[in-house]
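First the structure, in the form of structure tokens, and then the observations on it.
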Amino acid sequence: MIYHPFRLIRYAFLRLTRLRGDPYSLARGTGFGIFIGVLPLLPVQTIILIPLTLLLRINTISAIIAASVVSNPLTFVPQYYYTWKVGNSILPGRISWEQLQEIMSMIKTGSLLEGIATLSHLSFNTLSVILTGGVVIGLPLAVIGYFMALKFFVTLRTKRLAKQKLH
């Protein structure tokens with residue numbers, strides 16, 4: 001099966017345009033999904049995402065779509081590399097890139113349960129480095145994503161209302 005990145009982006013865009021609801025809730029969901037998607041917790045992102053969106057009253061579907069665009073097989077390696085790089089610059093010397101590559105290969109080749117088991121066996125040093133990098137990268141991207149999504153959903157709602165008035 002050939003994996004086309006632009007097809008994934010187009011599909012996500014079409015899914016977002018079909019969402020109905022409050023533009024602010026949809027934008028919060030998109031921003032939150034971007035944040036969770038950047039965190040290098042690939043096998044458990046959706047498991048974390050769904051209860052938190054329900055608890056925070058954020059649109060779950062827009063969060064899942066945004067997280068899947070940010071974190072997918074094409075972005076897996078660069079995502080882990082940059083979160084490690086940023087985290088390692090803040091908390092230096094706790095984990096090497098080679099160690100992280102071993103962890104990524106275990107997560108990538110295993111099932112969901114094996115990925116969760118791999119993450120649960122990581123040391124505090126490893127998790128602190130990659131999560132620190134993920135938070136530092138994810139927060140600004142989430143804020144930018146929120147404002148872009150808000151503009152998108154407000155514009156979309158305005159166009160829909162104008163179209164309804166014409167009919």
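A few notes on this one:
- Scanning region 62-81 for residues that are crowded, with 17+ Cβ neighbours inside 10 Å and either touching an Asp or Glu at 6+ places or on another chain (Cβ under 7 Å) or in a helix (DSSP H, G or I) (or both) yields Ser62, Ala63, Ile64, Ile65, Ala66, Ala67, Ser68, Val69, Val70, Gln79, Tyr80.
- Looking only at region 127-167, residues that are among the β-branched types (Val, Ile, Thr) and over 14 Å from the mean Cα position of the chain (by Cα) come to 6 in all.
- Members of region 46-58 that are of a type in the set (A, V, I, L, M) and part of a loop (DSSP other than H, G, I, E, B): Ile58
- Test set (1) farther than 16 Å from Lys151 by Cα; (2) at pLDDT 80 or above; (3) in a helix (DSSP H, G or I); (4) not basic (Lys, Arg) - Pro43 fails condition number: (2)
- Residue satisfying all of: in region 10-58; surrounded by fewer than 21 Cβ atoms within 10 Å (Cβ to Cβ) and hydroxyl-bearing (Ser, Thr, Tyr); farthest from Gln101 (Cα to Cα) among these: Tyr24
- Some residue of region 102-110 being more than 16 Å from Val38 (Cα to Cα), under 21 Å from the mean Cα position of the chain (by Cα) and among the small types (Gly, Ala, Ser): yes
- Whenever a residue of region 131-154 is over 23 Å from Pro78 (Cα atoms), its partners that are crowded, with 17+ Cβ neighbours inside 10 Å and of a type in the set (Ser, Thr, Tyr), lying with C-beta atoms within less than 6 angstrom and at least six residues away or across chains, give the pairs Ala149/Thr30.
The values are calculated or read from the model by the stated rules, or taken from the named source; none is laboratory data. Worth saying up front: this structure is predicted, and the values here are computed from it rather than measured. Here Cβ is always computed from backbone atoms with ideal geometry, including for glycine, and neighbour counts include all displayed protein chains.
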